[in-house]
Amino acid sequence: MRCLSLLAVSFWIFASATPAAAVSPVVNAVSPSGFQSGTEVEATFSGARLGDAQELLFYSPGIEVAEFKAESDSLVKAKLNIRPNCRLGIHAVRLRSASGISDLRTFTVGPLPEVAEQEPNSEFESPQAVPLGCTISGVVQNEDVDYYVVEAKKGDRITAELEGIRLGYTFFDPYLAILNADRFELARSDDEALLRQDCLCAIVAPEDGKYIIQVRESAYGGSATAFYRLHVGKFPRPTAIFPAGGQPSEVLTVRWIGDAAGSWTEQITLPSTVDPALGLYAQDPHGISPSPNVIRVTDLPNTLESEPNDSTAQATAATAPGALNGIIENPGDVDFYKFSANQGQQYDIRVHARVTLRSPLDPVLVVHRANGAALASNDDSGGPDSYLRFNAPATEDYFLQVYDHLRSGGPGFVYRVEITPVQPALTMTLPEVQQYVPVVLPVPRGNRMALMVNAARTNWGGELNVSLAGLPQGLDFQTVPMVADRTTVPVLFTAAADAPLNGTLAQVIGRPTDDNVPVVGQLEQRTMLVRGQNNVDVWGHTADRMAAAVTEAAPFEIEIVQSPAPIARQGSKQLKIVAKRQEGFAQPIALRLLYTPPGIGASGSISMPGDKSEVEIPLTANANAALGTWPIVVVGSATVGNGAVEVASQMAQLAVVDSYFAFSFDKAAAELNQETQMVIKIENKTEFEGDATAELLGLPANTSTAPEPLKFTRESAELVFPIKIDQSAKPGVYKTLVCRAVVTHQGEPVTHTLGTGELRIDEPLPPKPAAAQPVAEPKPTPTPPPAAAEPPKRLSRLEQLRLEKMKALEGTAP
């Protein structure tokens with residue numbers, strides 16, 4: 001399972017023989033925060049632990065690294081060639097060092113020359129002059145206002161698009177305005193739907209002259225990390241495109257909507273493959289938009305709404321499966337479509353508007369029968385868009401209705417409804433170890449590392465296989481099939497001792513073992529770059545590959561000592577871990593299980609002291625622990641240099657079995673300063689060889705039982721523990737008694753802790769009143785005892801009480 005390919009856009013350097021230990025690097029900022037396409041630029045990456053930086057891993061093509069140098073432990077400089085055909089918009093990058101992989105950062109690529117903000121530019125009367133056709137990199141400090149001035153001729157389109165929160169640094173809510181020389185506001189923008197929380201202003205210049213562009217935080221806030229990129233020019237910037245999708249390879253006539261200079265139509269040829277979020281860039285002789293409008297390319301025939309379609313009688317005829325494209329063009333507008341379905345047919349119906357298309361529409365979806373009765377409806381299913389599953393109750397025509405939740409509308413309220421058969425889907429994710437920190441995979445040379453892979457199955461169930469493609473050179477992986485009732489599986493990675501230091505962005509793939517299930521799962525890894533109140537995901541990046549690297553050798557290895565003995569339900573076990581340390585390495589090693597099988601408990605972290613090379617992790621199994629043999633991995637972390645290095649053990653096996661026996665506890669009771677017995681009935685469920693031992697635990701204070709464990713065999717029917725109650729014990733009912741039973745399997749203990757038993761401690765009865773002394777009678781001649789007396793029957797607590805009552809009655813009889 002070895003892959004030798006490298007990421008094509010990476011520029012990597014072999015480390016020297018003795019590089020400084022830096023561990024996982026941190027990138028706090030990329031400067032500048034964007035670049036012009038078709039240029040060579042110098043970029044700086046600032047952060048921490050960057051002294052052994054070696055390469056950049058870009059998530060999209062079009063960028064080449066010409067030079068790369070770590071200037072210090074906090075700064076890396078790189079000369080980047082931004083190809084002319086590099087996609088405009090947002091790009092993501094990670095930095096790989098000899099010892100780790102950085103966090104993800106984003107930057108943008110634009111079409112216009114770069115200009116840096118120059119302070120002071122905070123007064124309307126003295127704005128910074130910039131050409132009409134540039135991208136300005138700036139920052140809004142607290143209570144800061146930035147002003148720029150451009151010159152335009154009458155009829156010129158002046159477009160200003162600002163990237164603020166989309167740069168991914170902070171919760172920056174920008175405000176943008178275009179003003180004339182008399183300070184009259186011609187256009188303003190705050191939270192443009194198309195651009196998330198960023199801004200877009202566009203006008204057609206009413207006269208020759210100077211126009212002022214204002215940038216600030218919407219509430220006059222700001223910070224040292226409130227960076228922005230302001231694109232200013234004559235370029236087109238429509239806010240919507242109709243229709244919002246088509247079929248692969250289709251020549252589609254689209255209408256661009258919302259540009260300051262007016263709408264226009266254009267023919268475009270769609271790509272030959274399905275793309276659920278294809279970015280299209282508006283372009284004319286004056287330039288190209290710096291960010292795209294998004295449409296969907298799917299294998300569904302298009303239906304375009306035909307106005308008027310405000311009622312069922314005027315409904316636009318459509319097909320199912322199919323895609324319905326429309327616009328809620330006016331406040332109060334309602335669109336109806338008619339489609340046919342056979343009894344029992346199921347369809348998934350989803351409205352695409354806010355999430356994918358960035359339309360201002362907040363859609364409501366309703367499906368009606370021909371008689372007008374509403375069958376199903378939805379608003380905001382897991383987000384601002386609508387979804388429902390439709391089950392046709394009869395073979396007939398049905399009507400689909402779309403409107404805005406607030407009954408708003410406008411030329412840009414574009415939507416696309418997709419009616420699709422219910423189909424299987426599969427999404428792969430990597431569960432976070434640390435909250436809000438996406439998982440990356442650095443594996444030290446000659447060592448191992450492991451992670452969990454999660455699979456979300458939709459509309460199907462069954463076993464699947466996990467694989468990885470495009471791993472770094474010298475890195476292999478090992479895993480097991482993900483069974484039908486599980487959603488996660490461990491994956492173990494091993495780096496060869498002679499593997500070069502290198503990194504890639506690798507695919508994580510899931511495939512059903514049943515070839516009749518036509519689905520392949522790919523990775524979706526979300527990085528929350530900007531979090532809002534209550535840690536809501538405000539802005540981030542979704543990656544389709546995992547960052548992996550072979551890193552410098554670690555000074556320690558860990559291994560699980562494979563035990564031949566299982567862990568039994570309602571039992572416990574010690575998992576032995578040994579460490580192999582390089583000479584002189586005496587750091588503590590924190591150990592944790594990568595995951596625990598269902599019903600198995602383990603300590604969150606066990607520390608192996610620096611002067612030790614062996615430790616045990618206690619495991620427990622509850623009564624419903626999942627039976628079977630489970631792959632387990634232990635991860636160890638230790639401080640190396642100025643950071644932490646993690647390694648993993650081999651993939652060992654943990655057998656989980658049912659309890660060997662079941663215990664049934666009789667209730668026990670006695671008074672202070674007396675003795676009683678705890679009787680435990682044994683139901684043997686699994687045969688075992690030799691003697692087992694049992695101890696009674698959980699006795700209350702000032703009570704005791706036999707100091708040595710009792711022995712029993714598979715033929716034993718019960719255990720009898722004597723209990724002595726001291727005069728100082730506290731009377732009461734104690735339901736805390738358990739029995740720890742140990743069976744030896746191949747020389748190792750299989751420990752059970754079964755319960756629970758009940759012990760009642762009573763106050764002594766008050767003394768009986770004195771009775772008349774009977775007249776002494778002659779003693780009878782003693783007779784010899786019988787040759788073999790039967791052992792007395794053990795009385796239950798109820799029988800004991802009855803006997804005591806009878807004796808008491810006999811003592812008071814006349």
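The values are calculated or read from the model by the stated rules, or taken from the named source; none is laboratory data. From a predicted model like this one, the values you see are computed outputs, not experimental measurements. Please note: Cβ atoms are built from the backbone with ideal geometry, for glycine as well, and neighbour counts cover all protein chains shown. When the accessible area is computed, the model is the full protein with side chains, heavy atoms only, and any ligands, DNA or RNA have been set aside. Shrake-Rupley method; radii C 1.70, N 1.55, O 1.52, S 1.80 Å.
Scanning segment 640-670 for residues that are closer than 20 Å to E748 by Cα, open to solvent by less than 10 Å² (accessible area, probe 1.4 Å) and not hydrophobic (A, V, I, L, M, F, W, C) gives a single hit, S659. Here is a check on your reading of the model: is G510 more than 30 Å from P598 (Cβ to Cβ) and either touching a residue at least 60 places away in the same chain (Cβ under 8 Å) or surrounded by 15 or more Cβ atoms within 10 Å (Cβ to Cβ) (or both)? Against the criterion (more than 30 Å from P598 (Cβ to Cβ) and either touching a residue at least 60 places away in the same chain (Cβ under 8 Å) or surrounded by 15 or more Cβ atoms within 10 Å (Cβ to Cβ) (or both)), G510 does not qualify. Among residues belonging to segment 89-111 that are part of a loop (DSSP other than H, G, I, E, B) and farther than 12 Å from A53 by Cβ, point out the one that is most open to solvent (accessible area, probe 1.4 Å). So the residue we want is D103.
Residue-wise test of (1) at pLDDT below 70; (2) in a strand (DSSP E or B).
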{"site": "C739", "(1), (2)": "no, yes"}
{"site": "E758", "(1), (2)": "no, yes"}
{"site": "A770", "(1), (2)": "yes, no"}
{"site": "L803", "(1), (2)": "no, no"}
{"site": "M806", "(1), (2)": "no, no"}
{"site": "L809", "(1), (2)": "yes, no"}
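From the list R389, R416, R407, the one residue that fits, being farther than 22 Å from S359 by Cβ and basic (K, R), is R389. Of the strands (runs of 3 or more DSSP E) that lie entirely inside segment 203-250, those containing 1 or more residues that are polar (S, T, N, Q) span 209-217. Could you tell me which numbered condition E715 fails, if it satisfies all but one of (1) surrounded by fewer than 16 Cβ atoms within 10 Å (Cβ to Cβ); (2) part of a strand (DSSP E or B); (3) of a type in the set (D, E, K, R)? Going through the list (1) surrounded by fewer than 16 Cβ atoms within 10 Å (Cβ to Cβ); (2) part of a strand (DSSP E or B); (3) of a type in the set (D, E, K, R), E715 breaks only (2). Scanning segment 49-72 for residues that are small (G, A, S), farther than 25 Å from Q36 by Cβ and crowded, with 17+ Cβ neighbours inside 10 Å yields G51, A70. Looking only at residues in segment 400-423 that are closer than 27 Å to R237 by Cβ and in contact with a Phe, Trp or Tyr (Cβ under 8 Å, 6 or more places away or on another chain), the one that is surrounded by the fewest Cβ atoms within 10 Å (Cβ to Cβ) is D404. Q343 passes every criterion in (1) farther than 25 Å from Q423 by Cα; (2) open to solvent by 70 Å² or more (accessible area, probe 1.4 Å); (3) part of a loop (DSSP other than H, G, I, E, B); (4) touching a strand residue (DSSP E or B) at 6+ places or on another chain (Cβ under 9 Å) apart from (1). The combined condition, being open to solvent by 30 Å² or more (accessible area, probe 1.4 Å) and assigned to a strand (DSSP E or B), is not fulfilled by E687.
Within the bounds of segment 141-148, is there any residue that is touching a Lys or Arg at 6+ places or on another chain (Cβ under 7 Å), of a type outside the set (D, E) and modelled with pLDDT of 95 or more? Yes. Does A187 fit the bill of being in contact with a Ser or Thr (Cβ under 8 Å, 6 or more places away or on another chain) and assigned to a strand (DSSP E or B)? So A187 does not fit the description; no. Candidates in segment 690-704 are the residues that are farther than 26 Å from E748 by Cα and among the hydroxyl-bearing types (S, T, Y); of these, the one that is surrounded by the fewest Cβ atoms within 10 Å (Cβ to Cβ) is S704. The one condition from (1) without any contact (Cβ under 8 Å) to a residue 40 or more places away in the chain; (2) open to solvent by 20 Å² or more (accessible area, probe 1.4 Å); (3) of a type outside the set (F, W, Y) that A320 does not meet is (1). Of the listed requirements (1) out of contact with any Ser or Thr (no Cβ under 9 Å at 6 or more places or on another chain); (2) open to solvent by less than 70 Å² (accessible area, probe 1.4 Å), E614 misses just one: (2).
Restricting A586, A568 to those that are open to solvent by less than 20 Å² (accessible area, probe 1.4 Å), touching a residue at least 24 places away in the same chain (Cβ under 8 Å) and more than 31 Å from the chain's Cα centre (by Cα) reduces the list to A568. Summed over segment 272-300, the residues that are more than 32 Å from the chain's Cα centre (by Cα), in a loop (DSSP other than H, G, I, E, B) and surrounded by 14 or more Cβ atoms within 10 Å (Cβ to Cβ) give a count of 4.
Within segment 431-444, restricting attention to residues that are in contact with a strand residue (DSSP E or B) (Cβ under 6 Å, 6 or more places away or on another chain) and touching a residue at least 60 places away in the same chain (Cβ under 8 Å), the residue that is surrounded by the fewest Cβ atoms within 10 Å (Cβ to Cβ) is Y436.
Looking only at residues of segment 251-267 that are part of a strand (DSSP E or B) and hydroxyl-bearing (S, T, Y), we find that the one that is most open to solvent (accessible area, probe 1.4 Å) is T265.
Yes or no, residue by residue, for (1) among the aromatic types (F, W, Y); (2) more than 31 Å from the chain's Cα centre (by Cα); (3) over 19 Å from T312 (Cα atoms):
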{"site": "E329", "(1), (2), (3)": "no, yes, no"}
{"site": "G332", "(1), (2), (3)": "no, yes, no"}
{"site": "L361", "(1), (2), (3)": "no, no, yes"}
{"site": "R369", "(1), (2), (3)": "no, yes, no"}
{"site": "A373", "(1), (2), (3)": "no, yes, no"}
{"site": "S377", "(1), (2), (3)": "no, no, no"}
{"site": "P384", "(1), (2), (3)": "no, no, yes"}
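Please work out if F124 is touching a Phe, Trp or Tyr at 6+ places or on another chain (Cβ under 8 Å), among the aromatic types (F, W, Y) and either modelled with pLDDT under 95 or more than 18 Å from S33 (Cα to Cα) (or both). Taking the combined requirement at face value, the residue satisfies it. Y595 meets the conditions (1) without any contact (Cβ under 8 Å) to a residue 24 or more places away in the chain; (2) crowded, with 17+ Cβ neighbours inside 10 Å in every case but one. The failed one is (1). Within the set V615, V647, V657, the sole residue that is closer than 17 Å to P490 by Cβ and touching a residue at least 24 places away in the same chain (Cβ under 8 Å) turns out to be V647. The residues of segment 24-51 that are part of a loop (DSSP other than H, G, I, E, B) and of a type in the set (A, V, I, L, M) amount to a single one, L50. Scanning for something open to solvent by less than 50 Å² (accessible area, probe 1.4 Å) and closer than 29 Å to T542 by Cα, does segment 182-190 turn up at least one residue? There is at least one residue in segment 182-190 that is open to solvent by less than 50 Å² (accessible area, probe 1.4 Å) and closer than 29 Å to T542 by Cα.
All conditions in (1) closer than 25 Å to Q214 by Cα; (2) surrounded by fewer than 16 Cβ atoms within 10 Å (Cβ to Cβ); (3) in contact with a Pro (Cβ under 8 Å, 6 or more places away or on another chain) hold for G38, with the sole exception of (1). Residues that are open to solvent by 50 Å² or more (accessible area, probe 1.4 Å) and under 21 Å from A224 (Cβ atoms) were ranked within segment 112-122; the one that is farthest from the chain's Cα centre (by Cα) is P120.
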